[in-house]
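Here's the structure, in structure tokens; my notes come after.
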Amino acid sequence: MPYLAFKVLHIMAVVVFLGNIITGLYWKRHADRTRDARLIAHALEGIIGSDRVFTIPGVIVIIVGGFGAAIVGGLPLLRTGWILWSLVLFSVSGIVFGSRVAPLQTRMAKLMRADAPDWKSYETLSRAWEFWGAIALLTPIAALLLMVAKPALPGL
């Protein structure tokens, strides 16, 4: 029973985590199409807030649920290839989010709150955000696929 509890917790956190990232992409693009600096800033501030409320706590619950399920289920974390490589992908996502995506979001929101927004700078930052955001999104999606498929991958 504890295994299933950890697994359900893990899966629910993954759903919230990925759902929040995907909806953030939607709302930023939706706001960008308006070319209204106030709406774009508002959307970015909402994305930053939702990261604090859903994404970051989601990471913690994903880790607790996943590690708990693996430990209770007797799965060696680093010797089970699909777990090891999922952890690597999830870690890459976190590093990219923390070092690239989050700072870019803050810079773009600040730029759009200026009295006279610099659209050229915003567009440059936005392209970088989309690139790094794609990496931060695709890596946990790849980890999800590994977790579901459980392919025979080498562990340590």
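The values are calculated or read from the model by the stated rules, or taken from the named source; none is laboratory data. It should be emphasised that the depicted structure is a prediction, and the values quoted were computed from it without experimental measurement. Note that each Cβ is placed from the backbone with ideal geometry, even for glycine, and that neighbours are counted across all protein chains shown.
Couple of notes before you dig in:
- Scan of the stretch 67-93 for residues that are over 19 Å from Leu156 (Cβ atoms) and either without any contact (Cβ under 8 Å) to a residue 12 or more places away in the chain or surrounded by fewer than 17 Cβ atoms within 10 Å (Cβ to Cβ) (or both), ordered by number: Val72
- So Gly98, is it closer than 19 Å to Glu45 by Cβ, within 14 Å of the chain's Cα centre (by Cα) and exposed (fewer than 13 other Cβ atoms within 10 Å of the Cβ): yes
Matching residues to (1) outside any helix (DSSP H, G or I); (2) within 30 Å of Tyr3 (Cα to Cα):
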site: Leu75; (1), (2): yes, yes
site: Leu89; (1), (2): no, yes
site: Val96; (1), (2): no, no
site: Ser99; (1), (2): no, no
site: Pro117; (1), (2): yes, no
site: Thr124; (1), (2): no, no
site: Glu130; (1), (2): no, no
site: Ala136; (1), (2): no, yes
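- If you go through the stretch 101-132 and pick out every residue that is buried (at least 17 other Cβ atoms within 10 Å of the Cβ), farther than 23 Å from Ile63 by Cβ and within 16 Å of the chain's Cα centre (by Cα), you end up with 2.
- Close pairs from the stretch 23-36: first of a type in the set (A, V, I, L, M), partner surrounded by fewer than 14 Cβ atoms within 10 Å (Cβ to Cβ) and not in a loop (DSSP other than H, G, I, E, B), Cβ under 8 Å, at least 6 apart: none
- Any pair with Cβ under 7 angstrom, 6 or more apart, that starts in the stretch 133-156 at a residue that is loosely packed, with under 13 Cβ neighbours inside 10 Å and ends at one that is in a loop (DSSP other than H, G, I, E, B): Leu156/Leu78; Leu156/Arg79
- Residue in the stretch 32-73 that is modelled with the lowest pLDDT, counting only those that are assigned to a helix (DSSP H, G or I) and polar (S, T, N, Q): Thr55
- Residues that are of a type outside the set (Val, Ile, Thr) and either crowded, with 16+ Cβ neighbours inside 10 Å or in contact with an Asp or Glu (Cβ under 8 Å, 6 or more places away or on another chain) (or both) within the stretch 51-66 comprise Asp51, Phe54, Gly58, Gly65, Gly66, listed in sequence order.
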